[in-house]
Amino acid sequence: MSNYTIALAGLQNTSLAIDTTSNNIANANTVGYKAGEYVFADQFVKAINPADQARVGMGTQSLGVRRPMLQGTITNSANPLDLAISGKGMFRLLQGSGDGNVDPSAVYYTRNGQFAVDKQGYIVNENGMYLTGYQPARDGNSVTDDYMDGGVDKNGHQKRGRLLMPDSNLPGNETSTSRISAMLDSTSTAFTSTANVSFDPTQSTFNNKTTQTVFDNEGNSHTLEVYYRRVSDANLTITSGVNGYTYSPSRASSPNTLGATLVTINPNSVLRMDSPSNASSQASASSSSITISVSTAAANAGSPVDVTGMRVFVNGVDSGATVSAGGTTTSLTTTSAVVVPSGAAVTFYAPRHSTTASATTTGTTITPAAALSTASVGDRIFVNGVDSGKTVVSSLPTSPFTITASSAISITSGDKLTVFKPSLDMTLIAPDGTEITMQGFSNKKQTGVATEVLTTTMAKVEVYASLDGRFFDYNDATTTSNRALTPQTPGVLGYKEVSELCFIGGRNIDALVTDNLSGNPMFSTVTKLSTRVTNQAGGSSDLVFDLNLTDTSLEAGPFQITHSTQNGEPLARLTNVTVDNEGRIVGVYGSGKLQYVGQLALVHFDAAEGLIPVGKNAFAASVMSGTEHAAEGVLVGRGGTGIFGEIKGQALESSTVDLANELVRLMVLQRSYSANSQSMKAFDQTLRDTLQMVG
């Protein structure tokens, strides 16, 4: 009777193979469909003698239907949410429960990328299954690593990793920071204090103006106007000490480095001497004592010079010693030991002169306690170690020993030590290449608590600002700044500066030095502006924001704004939704803002043929394929990385069915079915003949 079984097995399995092929043909147009292949196997399990190599089999059987996860052809689509995977990943789906919630354990997978949006704003496929992915950050500016949770949506439902479309409208944000960077023209006219012209926005009393739109907490726009006014240059005092070269930042500065009160330039900076020496020579031998041997007596332009009392510089650096004897010879005696390499350049500069004032003055005439016969015209006048900014115009070496200063100076008799120093030109070269031209008495590296005062000239620019035509710190108690600086020429109108910019070599002194750890300037030129604004309905609200001018520079070129940004926004409407190659879904708004919806979570199965087809273009994981929680043979990741493949937006993956092959296979199976039926018929006829013989 096994003949019946053999033929019947052939008919049954061939019929199932025909079903598989017919199903492939029926799904030739199904997006993401993977063609199935019926797997036949012979059958010997019912043989009479299993050990018999020549035993006759018992027909055929099925080992299942294989569905190779081959890449289908990718075609274009008009729907922006139609997606195709160019790789081996699969979309991860969750089955909904109908009440806005989902069962986190009901996870399915598909290659069909036909997605749309449901009434709650979630991205779903045509069967209502939810597309899942990595959730966006709270501000929508980035994507997190969370694809299983995502918190609660606006309807109070757990997201469970579902991807929610961005809102159609984004509410406006209030401006809290405004950053304006300008290149100011260093050749423009300065409104000097001697001209006595104060700021007046209705007149040509400023150099440049720029505008920026800022927003209040309702998204209403307001116009910020910033005025730049070049004024008289000023002296900047730089103190050379063991820790470097320090100076005070501008009046409008705020520290970025905790506890910083001074700007400190690296102590390894080079302070190059630029002024010509009074005399020079060359060391004929190395020494480290109070005796210096030079090849020829000190001279200037070939003329011998007596250098007694002069300061000694070795290779352009002040040694701190002066010549006490032998000023006209080749063997010089100094006040302290000096290290001199053989062949070093030895130069000599005039010494400093100091005394105390014997009379109080607020004018230009200074009366020292003793004669300063060596004080020279042009020497700077320092009061208690601070550069007064004045210079010597003339001196009287005989009683009453008067000195005439270049302008009025305030000195109290006996209280302040007045020091006259020859003003030497130097250039401070920082490690980053920044060069600062300055004047001072010495370029000696300081040790211990010793300091040396240097000066340089800095350009100054006053900054005024208004919002919707109302100036800060001017006739409106609700429109103020935290600076309210008095300008160089106050005038009768009473306008106040909101900020002040100071420049050395074209660079803002606040931003000249950066913090080694953060890379940010040690100080920023920042002003906090506060005002009360009104809307069209008559309502009012406070608008408070920081105006940051740190990156402003002063160059010999036309005025231009190099950077102008603020973080406020008006109401923005969604104009487009795009999907990039890494599966990041981005909402694009009319204001130019981008809002991340999330990033597709793709799943790769090493044993993808073990997935169970459940209909509606979806598969379920099985023991054969592995599951996400098993963490073996299953990977969850992002598009564009590893084996998951890239995401193609506005595209779909076609079925992998090859109709020509399927039709040929169908004809072969039809013949096979017909042959198996003949086997059944032959056995039936044999059985009939046998019964007739018996009967």
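The values are calculated or read from the model by the stated rules, or taken from the named source; none is laboratory data. Here the structure is a predicted model, which is why all the values come from computation and not from measurement. Virtual Cβ from ideal backbone geometry, glycine too; neighbours counted across all protein chains shown. Side chains included, ligands, DNA and RNA excluded: accessible areas come from the protein's heavy atoms. Shrake-Rupley method; radii C 1.70, N 1.55, O 1.52, S 1.80 Å.
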Residues in the stretch 601-617: is at least one in a loop (DSSP other than H, G, I, E, B), open to solvent by 50 Å² or more (accessible area, probe 1.4 Å) and either at pLDDT below 90 or touching a His at 6+ places or on another chain (Cβ under 9 Å) (or both)? yes
Go over the candidates 103, 146, 118, 185 one by one and state the one that is within 29 Å of the chain's Cα centre (by Cα) and either closer than 29 Å to residue 653 by Cβ or open to solvent by 40 Å² or more (accessible area, probe 1.4 Å) (or both). 146
Quick test for you: out of 531, 527, pick the one residue that is over 25 Å from the mean Cα position of the chain (by Cα), of a type in the set (Val, Ile, Thr) and in a strand (DSSP E or B). 531
Subset tally (residues that are touching a Gly at 6+ places or on another chain (Cβ under 9 Å) and surrounded by fewer than 18 Cβ atoms within 10 Å (Cβ to Cβ)) for the stretch 242-268: 5
Hits in the stretch 445-463 - residues which are surrounded by 16 or more Cβ atoms within 10 Å (Cβ to Cβ) and out of contact with any Leu (no Cβ under 9 Å at 6 or more places or on another chain): 446, 452, 453
Options 598, 640, 626: the member that is open to solvent by less than 50 Å² (accessible area, probe 1.4 Å) and without any contact (Cβ under 8 Å) to a residue 24 or more places away in the chain: 626
How do the strands (runs of 3 or more DSSP E) wholly within the stretch 243-317 filter down when requiring 3 or more residues that are more than 13 Å from residue 329 (Cα to Cα): which remain? 244-247, 253-255, 263-265, 270-273, 311-314
Take the residues of the stretch 66-92 that are more than 20 Å from residue 131 (Cα to Cα) and open to solvent by less than 50 Å² (accessible area, probe 1.4 Å): which is modelled with the highest pLDDT? 72
Restricting the search to the stretch 546-579, which residues are within 22 Å of the chain's Cα centre (by Cα) and assigned to a loop (DSSP other than H, G, I, E, B)? 549, 550, 551, 552, 567, 568
Which listed residue, of 427, 514, 437, 479, is in contact with a strand residue (DSSP E or B) (Cβ under 7 Å, 6 or more places away or on another chain), modelled with pLDDT of 90 or more, polar (S, T, N, Q) and open to solvent by 20 Å² or more (accessible area, probe 1.4 Å): 437
If you go through 21, 30, 5, the only one that is in contact with a helix residue (DSSP H, G or I) (Cβ under 9 Å, 6 or more places away or on another chain) and β-branched (Val, Ile, Thr) is 21
Contact list, first residue from the stretch 104-120 and without any contact (Cβ under 8 Å) to a residue 24 or more places away in the chain, second anywhere and assigned to a strand (DSSP E or B), beta-carbon distance below 7 Å, six or more apart or interchain, is 106/94; 106/95; 118/124
